[in-house]
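Right, one structure below, let's go through it.
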Amino acid sequence: MNFLQKWPEPVVPVQHLSDSGIRVIPGRYVKKPSERPSSVDSAEPDINIPVIDLQELYSDDHLLRRRTASLIDSACREWGFFQVVNHGVSHELMARTREAWREFFHLPMAEKKKYANSPSTYEGYGSRLGVEKGISLDWNDYFFLHYLPVAIRDRNKWPALPVSCRELIEKYSEEVVNLGEKLMKILSVNLGLRENYLSEAFGGDDNGACLRVNYYPKCPQPDLTLGISSHSDPGGMTLLNPDENVSGLQVRHGAIWLTVNPLPNAFIINIGDQLEVVSNGKYKSVEHRVIVNSEKERVSLAFFYNPRGEMPIKPAEELVSEEHPALYPCMTFDEYRLYFRTRGPSGKIQVESLKSHP
């Protein structure tokens, strides 16, 4: 992708602002009143996204397997989000990897800046999304790295400290990719496609996968800003290892913003724009955002299961007919995500702008 090699203006780590003891956040982080967190448009706290036990997919009971697959299908169509338990990823590995990254964000700034990223790849330590000068900023720092395809994986770009970090990234990513592959097979069958259709559409053994570790420091005015602004994920599917002790993810469901209550040892799964395209709109990518607070920091690991960058993505031919024409044009993932990398989080503007309306 042809892109800028440097950010258009200085990048200040949000953690530095938080640690400096400021009581008023800079204007660049203040959201428009309509975009700010509000208790008025939030759902009741006992409402949560669907929770699905993946172990039931491997039951000897055929009806239980069908019921579980049906629950996943309904969640993809109605919510775009669901939590999975008994997913096969080591709980200890989930916790150790998350805590290793917490340690990284508490290293001296000089150590973290060794991995400072650029907008050309986003890989490394950063504090902003979108390269347009003067855009609104979000209250988070992050570390972004590539895991797949193997040809672009570079362990030297992964943190050397804490000393366990690189090994944990390798083991964790391998297990999460396996989970992603299992889910893609289930989604394929649920859509009426052959089991490996979605995986092959994303590039097969050469699909893309990357990890974005989010760090949300304490914020003195959490009612005025967001950790990440409203957006739908531009990729295929996201597998989120959330901070179990601090809620922050909000999902738009109808007219309300629902604060997700993360279950211990669960992954939060959400549909990305590329799956919405391939499913011809049957599965929906859904707007979500992150709120911050003044009392606690928060760390989460978002693993993106994506198409290979140069892979052309379009609605599956089996899901296109005279009654259900193709809603989206063919486009490579590199072409598609250029918008997100330029503008940053922007709701569902991009995928909606591509949709044809017969």
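The values are calculated or read from the model by the stated rules, or taken from the named source; none is laboratory data. From a predicted model like this one, the values you see are computed outputs, not experimental measurements. Cβ placement follows ideal geometry from the backbone for every residue including glycine, while neighbour counts extend to all protein chains displayed. Surface accessibility is based on the protein's heavy atoms, side chains included, excluding ligands, DNA and RNA. Shrake-Rupley method; radii C 1.70, N 1.55, O 1.52, S 1.80 Å.
What to note about this one:
- Convex hull volume per residue, computed on the Cα atoms of the range 1-147, equals 209 Å³.
- Highest-fluctuation residue, Leu129, Leu191, Leu63 considered, GNM on the chain with Cα pairs under 10 Å: Leu63
- Note on Gln221/Thr121: beta-carbon distance plugged into 1/(1 + (r/R0)^6) with R0 of 30 Å gives a FRET efficiency of 0.40.
- The order of the peptides 241-249, 117-125 by mean Cβ neighbours within 10 Å, most packed first, is 241-249, 117-125.
- Under 15 Å from the Cα of Lys218 - aspartates and glutamates, other chains or at least 8 residues apart: Asp19, Asp138, Asp141, Asp243, Glu295, Glu297
- Percent antiparallel among DSSP beta bridges (both partners in the chain, rounded to 5): 90 percent
- A dipole drawn for the chain from +1 and -1 charges on Cβ atoms has a positive end, and of Ser127, Val320, His253 the residue lying farthest that way is Ser127.
- Rounded to the nearest 20 debye, dipole of the chain from Cβ charges on Lys, Arg, Asp, Glu: 1160 debye
- Working note: 222 nm ellipticity from helices only, DSSP H runs with n ≥ 4, each -39,500 (n - 2.57), summed and divided by the residues of the chain, gives -8000 deg cm²/dmol to the nearest 500.
- Formal net charge of residues neighbouring Met184 (Cβ-Cβ distance under 11 Å; K, R +1; D, E -1): -1
- Legend: translational diffusion of the range 69-172 by Stokes-Einstein, Rh = Kirkwood radius over C-alpha pairs, 37 °C, 0.692 mPa s; D = 202 µm²/s.
- Rolling a 1.4 angstrom probe over the protein heavy atoms with all chains in place gives the chain an accessible area of 44 Å² per residue.
- Under 22 Å from the Cα of Lys157 - lysines, other chains or at least 8 residues apart: Lys6, Lys112, Lys113, Lys114, Lys171
- Ranked by the mean number of other Cβ atoms within 10 Å of their residues, highest first, the peptides 24-33, 9-18, 141-150 come out as 141-150, 9-18, 24-33.
- Sulfur and carbon atoms: percent of accessible area, the chain [1.4 Å]: 51 percent
- Reported label for calculated Cα extents along the principal axes in Å given (1) 57, 46, 46; (2) 57, 50, 39; (3) 66, 45, 37: (1)
- Each label point was placed 7 Å from the Cα along the Cα-to-Cβ direction; for Glu111 and Asp205 their separation is 3.8 nm.
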